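Below is one structure, written out as structure tokens, with a few remarks after it.
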Amino acid sequence: MDNLIFEKKSKELNKGKRVAIIGAGPGGLSAGIALHQAGFDVKIFERHKQTKALGGAIILNAIGINILRSYGIKTDDMATTAIQRFRRFDGHQRVLQQFDSSLLNKANVSGWMAGLMRSELYERLLNKIPDEMIVNDYDFSSYEEGPDGVNLLFEGGKSYTADLLIGADGVNSLVRQQLWGKSELQHLGIAVWLGWSEVEGPNRNEIVLNHSDLYQFGYAPLSFKGKNCFEWWFVEPCGENQPEPSDPLSYIRNRLKNFVEPVPEILKATNSQNLFRWLIKYREPLNAWSKGRVTILGDAAHPTSPYAAYGAGMALEDGYFLGKYLQGVDLSDATALQTGLGKYDNQRVKYTNHVVGFARTLGKIFHNAPKPVRIFRDFLLDYTKIPERNIVKNSIEEAETLLRIVLDLEKANNTLPFTDYDMEEGKPLNKIF
């Protein structure tokens, strides 16, 4: 479309319903689908000339699975697991993590977590995106709020006017920077190697995290192109400027040489072309995401370490709940928009900050703690239930509450306006009839 015509239409058509999203990652696509379902005119601006389904293996939980279902996306082929185990490198079980079976039945899933390729998630989301929603080759530079909405400025003199701007532009978000100011991107001191292999051997009904003094190797079942596979991740302490090894698989095998099966089996079946190293970065958390006609989501709002194992899933949730809180809102009405965005912040900010903070703490404890702290840590893991109780409190209870909220929303079939929820109690604070 000619840029001048495009700009003119953005100013004249569907005022009160115009939503602009920067970034076509999982969070941006989720928000696009949710807001489109809620009746808004959505444009997703992507700087690349083509939107491709790319990426390695990730994990979604039952919340993400049910959100995808609400978008009309197929999920019954995902390899779900009902159990998560924390083991010592020699096979000794430290923590057994299980989920409410009645809740899983209500959610129509056989397990809490499911492995899939990020590229498959992209493909499934992209298949639900209406034609012309994604606008490629638009490299965002800044925005200006005015009486007619928020004017987006792109490289090359391009522009677009919307009633609401959503920054889904990742860990280096320009939207976040302009909205909340610069914040330092900090190195967490760990690196993650991501891989996958086609192998049948290990139990396919569990996710297992194996720990030694400094290293973690975790694996989860994965169905990929009709084949039974396993995705895996290796976490290690790492300096910010530490170079990558020339032979990554040999490097990883050497550090995991004392780990018992099935770790050696999974590594042996891995193609070195399927490896990716990720240096973990973070920013100090925000107390709010929304201001004026602008908000953020996903890594732009809450970049997280692999100990949350759920960056993509939380981004999906952000987009879903944003759609729910803005349903029926006239976006040209500043007061109504602020009310909706305020509810979105109240539901998402505290929850995601807690998940990210707990994940960051675990990363430090397992990979960057002094030797005396590691000895005490391992004593607690091997001989007490304290770690198990903390994991249940910090990573299970709130997630199960959030799943109940999603199930209640979908059961109601969105016939009632969305309510405020108390995440600690898992119940509505008030209803709006």
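No value in this document is a laboratory result; all are computed from the given coordinates. Quick caveat, the model's predicted, so the values are computed rather than measured. Note that we place each Cβ from the backbone using ideal geometry, even for glycine, and neighbour counts take in every protein chain shown.
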| field | Over the chain, relative contact order from alpha-carbon pairs under 8 Å, at least 6 apart, % | value | 21
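For the peptides 138-146, 237-245, 32-40, what is the packing order when you average, over each peptide's residues, the other Cβ atoms within 10 Å and list the highest mean first? Display every interim value, and only then the final one.
Values: 138-146: 16.6, 237-245: 12.0, 32-40: 22.4.
Result, highest mean first: 32-40, 138-146, 237-245.
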| message | Can you tell me which lysines have their Cα less than 23 Å from the Cα of K411? Leave out same-chain residues fewer than eight positions away. | response | K74, K106, K128, K324, K343, K427, K431
| said: How much length would be gained if the chain were fully extended between A82 and D148, taking 0.36 nm per residue of separation minus their Cα-Cα distance, in nm to one decimal? | reply: 18.7 nm
| query | Say a paramagnetic label sat at a point 7 Å from the Cα of K227, along Cα to Cβ; which residues of the stretch 97-136 have their backbone N under 15 Å from it? | reply | 117
| task | Could you order peptides 313-319, 196-202 by the average number of other Cβ atoms within 10 Å of their residues, highest first? | result | 313-319, 196-202
| request: For an R0 of 35 angstrom, estimate the FRET efficiency from the Cβ-Cβ distance between A412 and N205 and round to the nearest 0.05. | output: 0.65
| query | Taking 0.36 nm per intervening residue step and subtracting the Cα-Cα distance, what contour gain separates K182 from A288 on full extension? | reply | 36.7 nm
| If packing is taken as the mean number of other Cβ atoms within 10 Å per residue, what is the order of 65-78, 321-334, highest first? | 321-334, 65-78
